[in-house]
Amino acid sequence: MQTNINKKDIRIGRKIAQIVLHTILIVSLILVLYPLFMMVIGAFKSGSVYKINKWLPSLPLRIDNIAVAFNSISGYLLNTIFVAVMGIAGLIVISSMASFSMSKLKFIGRKLCFSMVLALTMLPGVLSLTPQIILYKALGLDNNIFALIVPMWSGGCVFGVFLLNSFYAGLPNELFEAADLDGANSFQKYIMIAMPLSLPIIATLVIMQISNVWNDFMWPKLILRETNYTIAAGLAFKFEGSNVSQTIKYAGYLVSAIPVVFLFVFFNRFYVEGLASSGLKL
């Protein structure tokens, strides 16, 4: 009898714990999503309606807010897309070649090279901020959009090498030994075997880097002037502290977020596959 009572108490305790946990999760979800909901509904209100009703949807919808906001930030969006395409293309080429070399080719100092890459991942980026500013100004890249692209080809490749190296190291050596028997050289093995197999993890890396480019605020503010800003710095320059209506600001934030949201929705499957395959190899 005592055992049955104890089991019943345990079941009740588990149910109470689940209720508390679910309540905390629901409240946390509301706290995260409601500001986004406010941004979306606020983007389609007029200024006068917003002053009266900030918290709930209202009609009629002001679709023209989106057009006004887009015209204000379209230049920053184009700058961001250019930086993302050029920077990520170079990052993928450099990091994939380096990681393939360190994981599948035998040469003196291979382990030392990877150890140095690991050491670089542990350094906070803020430590190199001042030397980077001095360096890029000395190179004549002050207020040049390539000052955002070149760091992705150098420092940005550190994480890419770390991520791809663990993936390539897990690929069966038999694949590359069979290619050796067919007379393939190292570059052909990289192009024909390693790259096709690593598309999911590369898609993961692309999504991560696009998110970084979209959210990068400090570096563009330090090295560029307003005409060359990317979207995060451009939004702050265009809207914060200005007399622009709050609804137009919301519309601008919404327009700037749409490309990243669509990217994640359409490439979510590759993103998850890449994280899973990378996690198994780490």
(request) Leaving out ligands and nucleic acids, note down the accessible area per residue over segment 205-270 with a 1.4 angstrom probe, in whole Å². (result) 51
(message) Whole angstrom only: what separates the Cα centroid of segment 195-247 from the Cα centroid of segment 90-130?
(response) 24
(request) Could you sort out which of Lys51/Lys238; Lys54/Lys238; Lys15/Lys54; Lys111/Lys137 sit more than 27 Å apart by Cα distance in this structure? (result) Lys15/Lys54; Lys111/Lys137
(request) Could you calculate the contour length gain from Ala67 to Lys137, that is, 0.36 nm times the residue separation minus the distance between their Cα atoms, to one decimal place in nm? (result) 21.6 nm
(message) Ignoring ligands, DNA and RNA, please state the percent of accessible area on the chain from carbon and sulfur, probe 1.4 Å.
(response) 71
(message) Checking understanding here: applying a Kyte-Doolittle mean of at least 0.5 and a length along the axis of at least 18 Å (C-alpha), which whole DSSP H helices in the chain pass?
(response) 2-42, 64-104, 156-169, 199-215, 246-281
(request) Roll a 1.4 Å probe over the protein heavy atoms and report the accessible area of Leu25 in Å², nearest 10. (result) 100
(request) Starting from the Cα of Leu78, step 7 Å along the direction of its Cβ; do the same at Trp55; then give the gap between the two resulting points in nm. (result) 4.3
(request) With a 1.4 Å probe and every protein chain left in place, tell me how much accessible area Phe237 has, in Å² to the nearest 10. (result) 90
(request) Report the dimensions of segment 87-129 along its three principal axes from the alpha-carbon atoms, largest first, rounded to Å. (result) 35, 25, 10
(message) Treating only the Cβ of Lys, Arg, Asp and Glu as charged (+1, +1, -1, -1), what charge dipole size does the chain show about its Cα centre? Round to the nearest 20 debye.
(response) 980
(request) Check each of the chymotrypsin sites (Phe, Trp or Tyr not before Pro) in segment 85-171 and keep only those in coil by DSSP with at most 16 other C-beta atoms within 10 angstrom; list them in order. (result) Phe107
(request) Multiply the residue separation of Asn212 and Arg225 by 0.36 nm, subtract the distance between their alpha-carbon atoms, and state the gained length in nm to one decimal. (result) 2.7 nm
(request) List the equivalent ellipsoid semi-axes of the chain in whole Å, largest first, each obtained as the square root of 5λ for an eigenvalue λ of the Cα gyration tensor. (result) 40, 34, 18
(message) 7 Å from Cα along Cα→Cβ at both Lys111 and Ser128: what's the point-to-point distance in nm?
(response) 2.5
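The values are calculated or read from the model by the stated rules, or taken from the named source; none is laboratory data. What you see is a predicted model, and the numbers here were worked out from it, not measured in a lab. We place every Cβ from the backbone using ideal geometry, glycine too, and count neighbours over all the protein chains shown. Just the protein is used for accessible areas: all its heavy atoms, side chains included, with ligands, DNA and RNA removed. Shrake-Rupley method; radii C 1.70, N 1.55, O 1.52, S 1.80 Å.
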